[in-house]
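Only one structure is covered here, and it is reproduced in the block below.
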Amino acid sequence: MEPTRLESALEDLHRAGMPGAVAEVRDGDDVWRHAAGVADLTSRRPMRTDLRHRVGSVTKSFTAAAVLQQVERGVIELDHPIGDYLPGLVPGEPGRHITVRMLINHTSGLREYLPYAYPSLAAFPGVARTTPDSLEDNRRRTFDPHELIKLGVEAPPTGRPGSEPGVYSNTNYLLLGQLLEEVGGLPAEQLIARDVIAPAGLEHTRFPSGLSVSGPHSRLYESWFGMFDPPRDFSVFDMSWVGVSAALVSTVADLDRFFARLLAGEVIGLPMLAEMQRTVPVIAFDGTLIDYGLGLHRREVPGVGTFWGHDGSVWGGGALSLTSSDGRRQVSLVVNRQRWNTLGADGRPQPHPIDQALEAFVRLALGS
């Protein structure tokens, strides 16, 4: 590990236009942690390594782990139809053919509800025709997960249940949250906190209880492809629009600790971890194809090896956490600006210096 080069690369990310970033890299017993830039563009308050952050879809790894614990206990069957557990939410043919596994690995065929919940994002993820009005209009709106699930379940399916490639959809994970509540007798957030977060010793990881992140945290700046210029602060937002799919708050140190314990078989047993690491091709929101398991991405790093983890995005905030298969090398990164690219005439995001700086840091941190 080269601390000087890592520090320089993270500072380059700030200089490229990212207001602030925090990263932790672990290599065996060696730990490097650094903060670059500012947590608040108005006050110029500096970023700190201990700041809490919305980590977006990294939440899915926690939710998947909680479901798989229930599978280990014999309470849930991984290849059982979801309609037998939640007939009111997934009725009819979909409920008979979509299994719990298909929800976790995004091969259910259920469409993403987001464009239907935020009408001005109707072209999402083809963003050329969108406006950001719904983000502001719904900043303080509390969504009922049943309402959001209904939007996704009733939308035209992306494909047949179990067909590949799968299509990434938050609808799947909101249903998993309802499944956890049905079998566990508690709100899914409480069950995940009790069964996953607390046993892993994650002191700064929790679901939000209000519109703001509790404790020290950064502002979160959303650009929405140049439609917010300057970027607008969305650190105050009702996260019920994603719930157990993407609402979690954590720190880079807690993320590394969680994935280290997960991949060591300390959160779920090794047989269930092997199920978690069975990947299928899944089309991500940006149209790229990813190797996706049960709440885990697989990333192959040429000349280095295989890494497992997840990334995430919310309005203004982004996160990435990756751990090598042997658990020795870990990288966790959070940033406080999202969708920094502008759109070209074809509606596609145009290259931005942040893209190159971000990829350069991640490659270096992974040991590439």
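The values are calculated or read from the model by the stated rules, or taken from the named source; none is laboratory data. The structure displayed is predicted, hence computed values, not measured ones. Cβ sites come from the backbone with ideal geometry, for glycine too, and all protein chains shown count toward neighbours.
Could you identify the single residue in Ser313, Ser324 that is over 20 Å from Val100 (Cα atoms) and in contact with a Phe, Trp or Tyr (Cβ under 6 Å, 6 or more places away or on another chain)?
Working: Ser313 fails: in contact with a Phe, Trp or Tyr (Cβ under 6 Å, 6 or more places away or on another chain).
Among Ser313, Ser324, only Ser324 is over 20 Å from Val100 (Cα atoms) and in contact with a Phe, Trp or Tyr (Cβ under 6 Å, 6 or more places away or on another chain).
Please specify each residue of the range 188-229 satisfying the condition of being under 26 Å from Leu263 (Cα atoms), part of a loop (DSSP other than H, G, I, E, B) and without any contact (Cβ under 8 Å) to a residue 40 or more places away in the chain.
Ala198
Any idea which residue in the range 152-179 is modelled with the highest pLDDT, counting only those that are over 21 Å from Gly287 (Cβ atoms) and surrounded by fewer than 18 Cβ atoms within 10 Å (Cβ to Cβ)? First the steps, then the outcome.
Step one: of the range 152-179, the residues over 21 Å from Gly287 (Cβ atoms) are 153-154, 161-162, 174-179.
Now drop any that are not surrounded by fewer than 18 Cβ atoms within 10 Å (Cβ to Cβ), which leaves 154, 162.
Numbers: Glu154: 93, Gly162: 97.
Within the range 152-179, the match that is modelled with the highest pLDDT is Gly162.
Taking the criterion of being of a type in the set (Asp, Glu), in contact (Cβ under 8 Å) with a residue 60 or more places away in the chain and buried (at least 19 other Cβ atoms within 10 Å of the Cβ), would at least one residue in the range 19-35 satisfy it?
Start the filter on the range 19-35 by keeping residues that are of a type in the set (Asp, Glu), which leaves 24, 27, 29-30.
From the residues that got through so far, the ones that are in contact (Cβ under 8 Å) with a residue 60 or more places away in the chain too are 24, 27.
Adding the requirement that they be buried (at least 19 other Cβ atoms within 10 Å of the Cβ) leaves 24.
Yes, the range 19-35 contains at least one residue that is of a type in the set (Asp, Glu), in contact (Cβ under 8 Å) with a residue 60 or more places away in the chain and buried (at least 19 other Cβ atoms within 10 Å of the Cβ).
Can you go through Gly215, Gly226, Gly185 and tell me which one is closer than 21 Å to Pro19 by Cβ and either at pLDDT 95 or above or exposed (fewer than 13 other Cβ atoms within 10 Å of the Cβ) (or both)? Walk me through how you get there before you give the answer.
On the way: Gly226 fails: either at pLDDT 95 or above or exposed (fewer than 13 other Cβ atoms within 10 Å of the Cβ) (or both); Gly185 fails: closer than 21 Å to Pro19 by Cβ.
Answer to the selection: Gly215.
Being in contact with a Pro (Cβ under 9 Å, 6 or more places away or on another chain) and surrounded by fewer than 24 Cβ atoms within 10 Å (Cβ to Cβ) is the filter; apply it to the range 48-78 and report the residue that is nearest to Gln277 (Cα to Cα). Spell out how you get there, then give the answer.
First, pick out the residues of the range 48-78 that are in contact with a Pro (Cβ under 9 Å, 6 or more places away or on another chain): 48, 50-52, 54, 72.
Narrowing the set further to residues that are surrounded by fewer than 24 Cβ atoms within 10 Å (Cβ to Cβ) leaves 48, 50-52, 72.
Details: Arg48: 33, Asp50: 30, Leu51: 30, Arg52: 28, Glu72: 16 Å.
Here the residue is Glu72.
If I filter the range 251-271 down to residues being under 18 Å from Ile76 (Cα atoms) and touching a residue at least 12 places away in the same chain (Cβ under 8 Å), which single residue comes out as surrounded by the most Cβ atoms within 10 Å (Cβ to Cβ)? I'd like the intermediate steps shown before the answer.
If we filter the range 251-271 for residues that are under 18 Å from Ile76 (Cα atoms), which is where we start, we get 267-271.
Next cut, touching a residue at least 12 places away in the same chain (Cβ under 8 Å) only: 267-269.
Details: Val267: 25, Ile268: 23, Gly269: 13.
Step by step, filter the range 251-271, then rank; the result is Val267.
Could you run through the range 248-293 and say how many residues are of a type outside the set (D, E, K, R), assigned to a loop (DSSP other than H, G, I, E, B) and out of contact with any Pro (no Cβ under 6 Å at 6 or more places or on another chain)? So that I can check it myself, show each step before the final result.
Restricting attention to the range 248-293, the residues satisfying the condition of being of a type outside the set (D, E, K, R) are 248-253, 255, 258-260, 262-265, 267-274, 276-277, 279-285, 287-290, 292-293.
Imposing the further condition that a residue be assigned to a loop (DSSP other than H, G, I, E, B) reduces the set to 248, 251, 264-265, 267-269, 277, 279, 284-285, 287-288, 293.
Checking the rest, the ones that are also out of contact with any Pro (no Cβ under 6 Å at 6 or more places or on another chain) come to 248, 251, 264-265, 267-269, 277, 279, 284, 287-288, 293.
Residues that pass the stated criteria total 13.
Against the definition (under 19 Å from Thr59 (Cβ atoms), out of contact with any Lys or Arg (no Cβ under 8 Å at 6 or more places or on another chain), among the hydrophobic types (A, V, I, L, M, F, W, C) and surrounded by fewer than 17 Cβ atoms within 10 Å (Cβ to Cβ)), how does Ala274 come out, yes or no? Give the derivation first.
Details: under 19 Å from Thr59 (Cβ atoms): no; out of contact with any Lys or Arg (no Cβ under 8 Å at 6 or more places or on another chain): yes; among the hydrophobic types (A, V, I, L, M, F, W, C): yes; surrounded by fewer than 17 Cβ atoms within 10 Å (Cβ to Cβ): yes.
So Ala274 does not fit the description; no.
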